[in-house]
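Data first, discussion second: the structure below is written as structure tokens.
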Amino acid sequence: MTPAARLSAAIEVLADLTVRRRPAADALKDWGLAHRFAGSGDRAAIAGLVYDTLRRRASAAYVMGSEEPRALVLGMLAVLRGLALPAIAALCDGARFAPAPLSGEEAERLATADLSDAPAHIQGDYPEWLDASLHHVFGAEVVAEARALANRAPLDLRVNTLKASPETALAHLAHHRPEPGRFSPLALRIALDAEGKAPPISSEPAFLGGEVEVQDEGSQIAAILAQPLPGTQVLDLCAGAGGKTLEFAALMDNKGQIYAYDSDIRRLKPLHERLQRAGVRNVQVRSPRGAQDVLGDLEGKMDLVLVDAPCTGTGTWRRNPDAKWRVRPGALAQRQAEQAQILEQAARYVRPGGRLAYVTCSLLDEENGAQLRALMAKHEDFTPVPPAETVLALGAHGPELAKAALLGREGVLLTPRRTGTDGFFVGVLRRAPS
């Protein structure tokens with residue numbers, strides 16, 4: 001496919017999203033099935049155009065004065081990819097499979113594209129209804145923080161130290177030119193190609209042999225800051241597919257006991273195969289069984305309880321740019337209610353003197369510090385571990401993280417702009433000894 005044909009395809013996919021309001025990945029998959037002549041390179045390039053347009057949807061619409069799919073794609077080429085008017089006009093020449101030629105108004109808008117007078121939510125490309133919440137966290141830096149969230153995310157891997165050392169994994173993946181992570185001693189980072197396509201890591205012997213897992217460096221840091229210690233009793237209360245469960249097992253060197261639980265048994269399904277591939281031996285999966293209390297025997301006995309809470313995912317907009325336009329105020333309220341309920345449940349399992357680690361991939365205080373403040377108001381025996389102390393779990397990289405991240409009273413906030421990771425909040429509470 002020509003670059004112009006790829007542009008037409010991206011406009012077609014975005015039109016489908018406008019009508020059906022569904023995840024972009026689903027629309028791209030359906031387009032690929034209906035256009036089997038498109039090769040993998042074409043599909044990757046079209047996906048790149050679609051996701052880049054969703055990353056800069058608000059500013060593209062502002063420049064073009066329209067939210068029509070064609071206008072959004074053309075605006076993105078100017079505000080994100082930096083194409084000048086002649087280059088965009090050359091792609092839209094009306095030839096076979098190419099978009100129609102630019103109208104006079106389109107050409108004028110592209111030639112004079114300027115965001116300097118646009119409001120913050122336009123410059124930062126985020127939903128207007130989140131403006132107050134994001135300003136509360138970032139103040140005058142909200143546009144810079146939001147723009148970092150609108151960039152592409154790299155591919156991060158976590159070295160599984162049960163199977164390999166970072167040096168060994170680095171050597172086995174040298175053909176992809178990975179770089180060590182900035183903060184996590186377990187992280188390897190691989191840059192994407194010009195089209196935003198990641199290499200097929202899941203087919204690599206190092207992945208198949210359990211040496212590495214795909215995991216954002218921010219998620220790795222969150223698990224390290226929770227500080228699961230070898231020989232202790234740990235409950236991962238929202239384990240899902242088990243990314244942090246696997247990292248906990250490696251950090252604990254397979255010593256002690258980890259209980260992995262999730263209220264939705266379907267989310268636990270991938271965990272069983274992942275445990276085997278990673279060589280993990282200290283995890284017991286507890287699946288929900290109707291009304292039966294499968295965690296009752298753990299109450300008051302856990303050294304560490306991890307709550308990797310369901311959230312709006314505002315910190316993952318680099319990877320899921322379509323999600324930021326689908327989230328609604330009602331979803332935030334629903335997540336807040338779920339988080340409060342899960343935290344209340346988690347507190348029951350922490351032994352006196354034990355710790356509760358609360359993690360979200362959200363940037364919003366409503367889902368982060370506010371939730372911990374509400375829990376501590378109900379349970380006076382829980383107090384926050386000072387974030388300056390929490391970061392020391394990273395060892396030599398702890399002071400560096402403390403300078404880069406946002407440290408509040410309740411926890412540590414990572415952001416793409418500050419730490420080069422997805423957005424994560426990590427707050428650790430300690431329960432008073434009996």
What lysines could a cross-link reach from Lys163, if we take a straight Cα to Cα line under 23 Å and drop same-chain neighbours fewer than 8 places away? Lys244, Lys255, Lys269
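On full extension of the chain, what length is gained from Asp30 through Gln334, given 0.36 nm per residue of separation minus the C-alpha to C-alpha distance?
On the way: separation 304, 0.36 × 304 = 109.44 nm, distance 3.02 nm.
Answer, rounded to one decimal: 106.4 nm.
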Between Arg20 and Arg430, what is the spin-label point distance in nm, taking each point 7 Å from the Cα along the Cα→C-beta axis? 5.3
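Per 0.36 nm of contour for each residue apart, how much would the distance between Glu389 and His136 grow if the chain were fully extended, relative to their Cα-Cα spacing? Display every interim value, and only then the final one.
Working: separation 253, 0.36 × 253 = 91.08 nm, distance 2.46 nm.
Full extension from Glu389 to His136 adds 88.6 nm.
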For Glu344 and Ala396, what is the calculated FRET efficiency with R₀ set at 45 Å and r taken between the beta-carbons, to the nearest 0.05? 0.75
Under 18 Å from a point 7 Å along the Cα-to-Cβ line of Arg152: which residues of segment 162-182 have their amide N that close? 176-179
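As a check on your grasp of the helix formula, calculate [θ] at 222 nm for the chain: sum -39500 (n - 2.57) over DSSP H runs of n ≥ 4, divide by the residue count, round to the nearest 500.
Values: 21 runs with 191 residues, N = 434.
Rounded to the nearest 500, the figure is -12500 deg cm²/dmol.
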Would you kindly state how much longer the chain becomes between Glu108 and Val294 on full extension, computed as 0.36 nm times their sequence separation minus their alpha carbon distance, in nm to one decimal? 60.5 nm
Picking from Leu110, Leu306, Leu83, which is most flexible by a Gaussian network model of the chain using Cα springs under 10 Å? Leu83
Residues with amide H under 5 Å of Tyr259's amide H, sequence separation 5 or more or different chain, H placed in the peptide plane at 1.01 Å from N; which? Val234, Leu235, Asp236, Gln284
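Can you compute the charge dipole magnitude of segment 282-362 about its Cα centre, using +1 on each Lys and Arg Cβ and -1 on each Asp and Glu Cβ, nothing else charged? Give it in debye, rounded to the nearest 20. Intermediate results must be reported in sequence, preceding the final value.
Details: 12 positive and 8 negative charges, 72 e Å.
Taking the Cα centre of segment 282-362 as origin, the dipole is about 340 debye.
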Pseudo-spin-label distance Leu208 to Ala144, built 7 Å along Cα→Cβ, given in nm, is 4.6
Could you work out how far apart the two model spin labels at Ser287 and Arg182 are, taking each label as a point 7 Å from the Cα in the direction of the beta carbon, and quote it in nm? 4.1
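Provide the packing ranking of 118-130, 10-22, i.e. peptides ordered by the mean count of other C-beta atoms within 10 Å per residue, highest first.
On the way: 118-130: 18.6, 10-22: 17.0.
Those peptides, ordered most packed to least, come out 118-130, 10-22.
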Keeping every protein chain present and rolling a 1.4 Å probe, give me the accessible area per residue for the chain in Å². 42
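Applying a 10 Å radius around every beta-carbon, put 261-270, 159-168 in order of their mean neighbour count, most first. Working shown, then result.
On the way: 261-270: 15.2, 159-168: 18.0.
Ranking the peptides 261-270, 159-168 by packing returns 159-168, 261-270.
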Sum of side-chain charges, Leu102 neighbourhood, beta-carbon under 11 Å (Lys, Arg +1; Asp, Glu -1): -2
Going 7 Å from the Cα of Lys255 toward and past its Cβ, which residues in segment 270-287 have a backbone nitrogen under 18 Å from where you end up? 280-283
Pairwise FRET efficiency - Asp93 versus Ser116, Cβ, R0 = 30 Å, nearest 0.05: 0.45
In whole Hz, with x marking every Gly and Pro, tabulate ³J(HN,Hα) for segment 209-226 from phi via Karplus 6.51 cos²θ - 1.76 cosθ + 1.60, θ = phi - 60°. x, x, 6, 9, 10, 7, 6, 4, 4, x, 5, 4, 4, 4, 5, 5, 5, 5
Please list, in order along segment 229-245, the HN-Hα scalar couplings obtained from phi with the Karplus expression 6.51 cos²θ - 1.76 cosθ + 1.60 (θ = phi - 60°), rounded to whole Hz, x for Gly and Pro. 9, x, x, 9, 9, 10, 10, 9, 7, 10, 5, x, 6, x, x, 7, 4
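Sequence gap at least 6, Cα distance under 8 Å: using those rules, report the relative contact order of segment 41-96 to the nearest whole percent. Present the calculation step by step, with values, prior to reporting the outcome.
Values: 40 pairs, mean separation 14.6, N = 56.
Answer for segment 41-96 is 26 percent.
The values are calculated or read from the model by the stated rules, or taken from the named source; none is laboratory data. Worth saying up front: this structure is predicted, and the values here are computed from it rather than measured. We place every Cβ from the backbone using ideal geometry, glycine too, and count neighbours over all the protein chains shown. Accessible surface is based on the protein model in full, side chains and every heavy atom, while ligands, DNA and RNA are left aside. Shrake-Rupley method; radii C 1.70, N 1.55, O 1.52, S 1.80 Å.
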